[in-house]
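Down below is the structure, laid out as structure tokens.
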Amino acid sequence: MISASIDEVSLLTDLVEKLAHRRIELGYSRELVPPDWKAIETSSLEAFVSGNLNVSGEGDCINTPFVTCFLFTCIKAKKGEYSLSWSSSLS
């Protein structure tokens, strides 16, 4: 079994929520685009995440601390609010 626990979850949640509720709009979501395409606004945030990775199986257990960088990206269509679309580990 593999599991991970993240340190400072509330701080990370707060950062991503602020990203999703960004007040600045550059206007890209209103651009004219070819048929069947969708213009979107994007907003991204790079954040360091730390925690512990736990790997266990058949009596063995390995607990390894980690620190890695994640990129969180929110998108917004023409009408609506930003929503978290993806996150990626940068390591």
| query | Just for segment 1-27: of the residues that are at pLDDT 85 or above and part of a loop (DSSP other than H, G, I, E, B), which one is surrounded by the fewest Cβ atoms within 10 Å (Cβ to Cβ)? | reply | MET1
| Whichever residue in segment 37-56 is surrounded by fewer than 13 Cβ atoms within 10 Å (Cβ to Cβ) and out of contact with any strand residue (DSSP E or B) (no Cβ under 9 Å at 6 or more places or on another chain) and, among such residues, is farthest from ALA4 (Cα to Cα) | TRP37
| query | Among the residues of segment 63-83, is there at least one that is modelled with pLDDT under 85, surrounded by 12 or more Cβ atoms within 10 Å (Cβ to Cβ), of a type in the set (S, T, N, Q) and not in a loop (DSSP other than H, G, I, E, B)? | reply | no
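The values are calculated or read from the model by the stated rules, or taken from the named source; none is laboratory data. Predicted, not measured: the structure shown is a model, and the values here were computed from it. All Cβ positions, even for glycine, are placed from backbone atoms using ideal geometry, and neighbour counts span all protein chains on display.
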